[in-house]
Amino acid sequence: MRSAVTISLVAEASGGPFVFWHDLEAGCVQAAELGFEAVEVFPRSASEVDVNLLRSCLDRHNLKLAAIGTGAGWVVRKLRLTDHDETVRKQARHFISEIIDVAGQFGAPAIIGSMQGRAEGTFSHEQHLVWLAEALDELAPRAANHGTTLLIEPLNRYETNLIRTTADGVKLISSLKAKNVKLLSDLFHMNIEEVDIAAAFREAGSHVGHVHFADSNRQAIGFGHTNVPPIMEALRSIGYEGYLSAEVLPLPDSFAAAKQTIESFRRGTEI
Ligand code: LER
Ligand code: MN
C-alpha cells in the first residue's frame, strides 16, 4: 500500500477535510518532507490546475499524483451528474471529463464523490441511479484512454442517498459496461454506514481502487476511535496495493495531521 495526503486549492471548501490548503508547492514540500509517496489534489476546475507547476512540484519532490477530486463542480458550480436538468447533467459530465484529462496525464484517476448528487423531488430514486450509471459509462472510457480508472465514492447519509455503502457501490459498478470504474472507500463515511468496515472491504475485494484514510471523527488516523488493525488486515487479505490517502481535517494543524497520518500509515502497513 502507498501513502498519500490531500491538498485543497478550493477556497470555497474551507472547513473541509483536507490536510494542506491553497498552496500546491508548499503542500508538496511538506508531503515530501514527511515521506509521503503521493499527493491527492482538489482543484477548483481542470482549467485552474497549473499542469506545468504540478508536474514540476511532483518531479522536484519525487511525488506521484494519487488522484484528483471533482467535488468543486458541486461546491463551486452546483453541478451534479443526477441533476433534474439535462443541461446541468451535461455540464457536470463535461466538468469531470476535463479533470479526467488532467489527471490522466499523470496516470491518476478522477474521483466522483459529491458530484453524484442525491435523489430528490419528482424523479424516482431508480431514475437518479440510471443517470449516474449513464454518466459513469460515458466518462469511464475517457479515463481508460489514459490507462486509468474512474473512482466512485460512497458518501454517508448526510451527504447523499444514492451511493452510501460499499454494497451500493459494488452493485452500481457491477451494472456498468465500463470495466475501469473502481470504488473509493472513505473510512470516515464507512464508519457511519457500514456494519463492519473490515467485512465490507472483504466483500468489495478487487473493486477497491482507492482509500480515504480517515478516523471516525474525520481526523488523522489515530486521533479518533476507529479500530484500524482489522481494516489493514482486510485490505491485505484482498491484495489491495493502492493508496491510503489522508482526506482529513487539518487538526490540530496541517503538519500535525500529516505527521500523525504517516506514522499511522507506517504502523499499519508494517507486517
Ligand atoms: C470527498 O472525498 C468526500 O469524502 C466527501 O465527503 C466530500 O467532502
Ligand atoms: Mn472522501
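The values are calculated or read from the model by the stated rules, or taken from the named source; none is laboratory data. Small disclaimer: the values here were computed from a predicted structure and weren't measured. Methodologically, a virtual Cβ is constructed for each residue, glycine included, from the backbone with ideal geometry; neighbour enumeration extends over all protein chains shown.
Before moving on, here are some points about what is shown:
- Flag for ILE192 being surrounded by 24 or more Cβ atoms within 10 Å (Cβ to Cβ), free of Cβ contacts under 8 Å to residues at least 60 places away in the same chain and of a type in the set (Val, Ile, Thr): no
- Of all residues in the range 167-185, at least one satisfies being crowded, with 19+ Cβ neighbours inside 10 Å and in contact (Cβ under 8 Å) with a residue 60 or more places away in the chain.
- Answer residue from the range 1-27, given it is assigned to a strand (DSSP E or B) and small (Gly, Ala, Ser) and is farthest from HIS212 (Cα to Cα) among those: SER8
- Residue that is surrounded by the most Cβ atoms within 10 Å (Cβ to Cβ), among those in the range 87-116 that are within 16 Å of ligand 2 (Cβ to nearest atom) and in a loop (DSSP other than H, G, I, E, B): PRO109
- Subset of the range 38-48 (residues that are touching a helix residue (DSSP H, G or I) at 6+ places or on another chain (Cβ under 9 Å) and either within 16 Å of ligand 2 (Cβ to nearest atom) or in contact (Cβ under 8 Å) with a residue 60 or more places away in the chain (or both)): ALA38, VAL39, VAL41, PHE42, PRO43
- Any hit, the range 131-139, residues being within 16 Å of ligand 1 (Cβ to nearest atom) and either on the phi < 0 side of the Ramachandran plot or in contact with a Leu (Cβ under 6 Å, 6 or more places away or on another chain) (or both): yes
- Qualifying residue in the range 224-231 (condition: of a type in the set (Ser, Thr, Tyr), surrounded by fewer than 22 Cβ atoms within 10 Å (Cβ to Cβ), under 24 Å from GLY71 (Cβ atoms) and at pLDDT 95 or above): yes
- Complete set of residues in the range 227-250 that are in a loop (DSSP other than H, G, I, E, B) and under 23 Å from VAL170 (Cα atoms): ILE238, GLY239, TYR240, GLU241, GLY242, GLU247
- Cβ-Cβ under 7 Å pairs, at least 6 apart or on other chains, the range 92-108 side closer than 11 Å to LEU150 by Cβ, far side surrounded by fewer than 24 Cβ atoms within 10 Å (Cβ to Cβ) and charged (D, E, K, R): SER97/ARG142; ILE100/ARG142
- In the range 28-43 there is at least one residue matching the filter, namely being assigned to a helix (DSSP H, G or I) and over 19 Å from LEU244 (Cβ atoms).
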